[in-house]
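Working notes, beginning with the structure itself.
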Amino acid sequence: MSRLPGDESQWHHIVEQSQISKSGFSTTTVNNLNNVVSLPSGGGSIHAQISGYYSSIQDFTGGLRVRDWLAGKSFDEQFKFGIEYLKRFGNIIPTSSGWVFNPF
């Protein structure tokens, strides 16, 4: 990826990098500007909260962590799931050069 996420921010993969091995997605599909967004990072940040959610077990996951429950679903399904979860924290806007996130 050619741009930097910004100060006190980190690239967040909408479809997680772990899905390269878990779901068989290519690295070029996962690691590109159409699948990442710059999010505030650090302890208690939006990025940390989202990562924690993907590590959690939810009622709908049948005892699996969210990231494991997503494994095997299509890229589009995982992408839509990730976008919908991001919307809980702010507005996510597609642009010609990638996604822009504006926290609430």
### Query
Of (1) free of Cβ contacts under 8 Å to residues at least 40 places away in the same chain; (2) β-branched (V, I, T); (3) open to solvent by 50 Å² or more (accessible area, probe 1.4 Å); (4) not in a strand (DSSP E or B), I50 satisfies all except one. Which?
(3)
### Message
What's the number of the only condition in (1) at pLDDT 95 or above; (2) surrounded by fewer than 17 Cβ atoms within 10 Å (Cβ to Cβ); (3) in a loop (DSSP other than H, G, I, E, B); (4) of a type outside the set (A, V, I, L, M) that G42 fails to meet?
### Response
(1)
### Task
Scan the range 55-104 residue by residue and report those that are without any contact (Cβ under 8 Å) to a residue 60 or more places away in the chain, aromatic (F, W, Y), farther than 23 Å from K22 by Cβ and surrounded by 13 or more Cβ atoms within 10 Å (Cβ to Cβ).
F89
### Query
Of the residues F101, F79, F60, which is over 13 Å from the mean Cα position of the chain (by Cα) and either β-branched (V, I, T) or outside any loop (DSSP other than H, G, I, E, B) (or both)?
F60
### Message
One residue is enough: does the range 15-25 have a residue meeting the conditions surrounded by 14 or more Cβ atoms within 10 Å (Cβ to Cβ), hydrophobic (A, V, I, L, M, F, W, C) and part of a helix (DSSP H, G or I)?
### Response
yes
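The values are calculated or read from the model by the stated rules, or taken from the named source; none is laboratory data. The shown structure was predicted, so the numbers you read here are calculated from the model rather than taken from an experiment. Counting neighbours? That spans all protein chains shown, and the Cβs are built from the backbone with ideal geometry, glycine included. We work out accessible area using only protein heavy atoms, side chains counted, and drop any ligands, DNA or RNA first. Shrake-Rupley method; radii C 1.70, N 1.55, O 1.52, S 1.80 Å.
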